[in-house]
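Trainee: Quick one: the structure is below, and I'll ask about it shortly.
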Amino acid sequence: MVSKTQPKVVPVVDLSDENLKPGTDAWLLACKQVQHALEEYSCFEAVYNKSTLEIHNSIFSAIKELCDLPLETKMQKASDRPFHHYFGQLPLNPRYETLGIQDPASLEGAQRFTSIMWPAGNDRFCESVHSFSKVVVELDQMVKRMVFDAYGVGRLYDSYKASTTYQLRCINYKSPLTNETTDLGLIPHTDKNFTSILHQNDVGGLQIKTKDGEWIEAAPSSPSSFLVLASDLFMAWSNNRISACEHQVVLKEKKARYSLALFSYIGDGVVQVPEEFVDDKHPLKYKPFGHFDYLRFYETDEEARKCKNPIKAYCGV
Ligand SMILES: O=C(O)CCC(=O)C(=O)O
Ligand SMILES: [Fe+2]
């Protein structure tokens, strides 16, 4: 008899329940689900209905308006931080362009970026970015707290939270101009931040690589769905308990695709593996390092960009 194995799918965890509070049984169960999904898939789909259909529609019309601005406007410098600038017209990813908004969940951050792109103001854009980012930052904080609790390092969560900063990347994959235009949206990669939370419009294309090396679709099940990915920093911080999620974008539909990525960074201080993650079976794998120093290394060192595991090359023991 031929044995049929279940097709792999991205795990889904519903985090919408208002009563999901630390210490409750529901919280402990969700902690275990999140931990298991991250250990097995390095990602999961979070359903979070505090992000409503109205927020979803308003952020995508805002992003379209941003991407329709002239190239010189989009290329203006909007942040001094590494990897926060405009990317586009890249030979490896010709259809991809992205702009980064620093500190998007604070009103000042959203206003600062808006006034650079629209000196005469654009309140609707600013409001859309701010409302969307506030909800997604809340989701990110909830997920991190669950991971810290699941591994018994909850005592470190508050200082971790205080040193976290965010960037919202607004991404556009341009419509193909001819039939020959590539369907490659974004080459396989891992992100260089701690977590990435991705949200897309109705045009699919995101794929993640499983432990067996198989690419599977990561299609959200609703407008309140987000894909939470572990990135390089998560892998280093957890001493390899959780791997960085390899992902890519393949554009099968002949349409423009818009997506959003909330990236989290450890802006202050040193990233260090908690002592709870180190024992005889799990020797220390990473030396303490600064997150932005790692980004600068990756940005300026061409060899680093070619290597399979740049975080290991940077601070591996
Ligand atoms: O567009 C997406 O869904 C993914 C974007 C992404 O992986 C990135 O910008 O690093
Ligand atoms: Fe990515």
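Any read-out appearing in this document is the output of simple, stated calculations on the displayed coordinates, not a laboratory observation. Nothing here was measured: the structure is a model prediction, and the numbers come from that model. Note that we place each Cβ from the backbone using ideal geometry, even for glycine, and neighbour counts take in every protein chain shown.
Trainee: With the requirement that a residue be under 22 Å from LEU92 (Cα atoms), away from ligand 2 (no atom under 12 Å from the Cβ) and either within 18 Å of the chain's Cα centre (by Cα) or free of Cβ contacts under 8 Å to residues at least 60 places away in the same chain (or both), what does the stretch 177-199 give you?
Mentor: In the first step, residues of the stretch 177-199 are kept if they are under 22 Å from LEU92 (Cα atoms); the result is 177-193, 196, 198.
Checking which are away from ligand 2 (no atom under 12 Å from the Cβ) leaves us with 177-184.
Once the filter is applied, which keeps residues that are under 22 Å from LEU92 (Cα atoms), away from ligand 2 (no atom under 12 Å from the Cβ) and either within 18 Å of the chain's Cα centre (by Cα) or free of Cβ contacts under 8 Å to residues at least 60 places away in the same chain (or both), the stretch 177-199 yields LEU177, THR178, ASN179, GLU180.
Trainee: Has the stretch 102-119 got any residue that is assigned to a helix (DSSP H, G or I) and touching a residue at least 40 places away in the same chain (Cβ under 8 Å)? Talk me through it step by step, then tell me what you get.
Mentor: Narrowing the stretch 102-119 to residues assigned to a helix (DSSP H, G or I): 107-117.
Pick out the ones that are also touching a residue at least 40 places away in the same chain (Cβ under 8 Å) and you get 116-117.
Yes, some residue in the stretch 102-119 is assigned to a helix (DSSP H, G or I) and touching a residue at least 40 places away in the same chain (Cβ under 8 Å).
Trainee: To continue, here is another question. Do you know which of the residues in the stretch 241-267 that are in contact with a His (Cβ under 9 Å, 6 or more places away or on another chain) and more than 15 Å from ligand 2 (Cβ to nearest atom) is nearest to LEU139 (Cα to Cα)?
Mentor: Among residues in the stretch 241-267 that are in contact with a His (Cβ under 9 Å, 6 or more places away or on another chain) and more than 15 Å from ligand 2 (Cβ to nearest atom), the one nearest to LEU139 (Cα to Cα) is ILE266.
Trainee: Here's another thing I want to ask about it. Examine the stretch 159-171 for a residue that is within 15 Å of ligand 1 (Cβ to nearest atom), of a type in the set (Phe, Trp, Tyr), closer than 25 Å to PHE277 by Cβ and surrounded by 18 or more Cβ atoms within 10 Å (Cβ to Cβ), and state whether such a residue exists.
Mentor: Our first condition is that a residue be within 15 Å of ligand 1 (Cβ to nearest atom); within the stretch 159-171, this holds for 166-171.
From the residues that got through so far, the ones that are of a type in the set (Phe, Trp, Tyr) too are 166.
With closer than 25 Å to PHE277 by Cβ added as a condition, the list becomes 166.
From the residues that got through so far, the ones that are surrounded by 18 or more Cβ atoms within 10 Å (Cβ to Cβ) too are 166.
Scanning the stretch 159-171 turns up at least one residue that is within 15 Å of ligand 1 (Cβ to nearest atom), of a type in the set (Phe, Trp, Tyr), closer than 25 Å to PHE277 by Cβ and surrounded by 18 or more Cβ atoms within 10 Å (Cβ to Cβ).
Trainee: Also: What helices (runs of 4 or more DSSP H) completely inside the stretch 228-317 contain at least 1 residues that are surrounded by fewer than 22 Cβ atoms within 10 Å (Cβ to Cβ) and in contact with a strand residue (DSSP E or B) (Cβ under 9 Å, 6 or more places away or on another chain)? Walk me through how you get there before you give the answer.
Mentor: Working: elements: 232-237, 291-300, 302-306, 310-315.
Ranges flagged: 291-300, 310-315.
Matching residues to (1) exposed (fewer than 14 other Cβ atoms within 10 Å of the Cβ); (2) of a type outside the set (A, V, I, L, M):
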residue: VAL13; (1), (2): no, no
residue: ASP17; (1), (2): yes, yes
residue: ALA30; (1), (2): no, no
residue: VAL34; (1), (2): no, no
residue: ALA46; (1), (2): no, no
residue: LYS50; (1), (2): no, yes
residue: GLU65; (1), (2): no, yes
residue: MET75; (1), (2): no, no
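Trainee: Please go through the stretch 223-241 and pick out each residue that is away from ligand 1 (no atom under 16 Å from the Cβ) and more than 30 Å from THR52 (Cβ to Cβ).
Mentor: Initially, the stretch 223-241 is screened for residues away from ligand 1 (no atom under 16 Å from the Cβ), giving 224, 236-241.
ALA236, TRP237, SER238, ASN239, ASN240, ARG241, listed by residue number.
Trainee: Give the residues of the stretch 9-55 that are touching a Phe, Trp or Tyr at 6+ places or on another chain (Cβ under 7 Å), over 19 Å from ILE208 (Cα atoms) and part of a helix (DSSP H, G or I), sorted by residue number.
Mentor: ILE55 - this is the single residue of the stretch 9-55 that is touching a Phe, Trp or Tyr at 6+ places or on another chain (Cβ under 7 Å), over 19 Å from ILE208 (Cα atoms) and part of a helix (DSSP H, G or I).
Trainee: Sticking with this structure for a sec: Just to verify a result, which residue in the stretch 242-283, among those that are over 17 Å from SER163 (Cα atoms), acidic (Asp, Glu) and more than 16 Å from ligand 1 (Cβ to nearest atom), is farthest from the chain's Cα centre (by Cα)? Explain how you work it out, then say what you get.
Mentor: Step one: list which residues in the stretch 242-283 are over 17 Å from SER163 (Cα atoms), which gives 242-261, 275-283.
The next check asks that each one be acidic (Asp, Glu); those that pass are 246, 253, 275-276, 279-280.
Within this subset, residues satisfying the condition of being more than 16 Å from ligand 1 (Cβ to nearest atom) are 275-276, 279-280.
Details: GLU275: 26, GLU276: 26, ASP279: 30, ASP280: 32 Å.
Looking at the filtered set, the residue picked out is ASP280.
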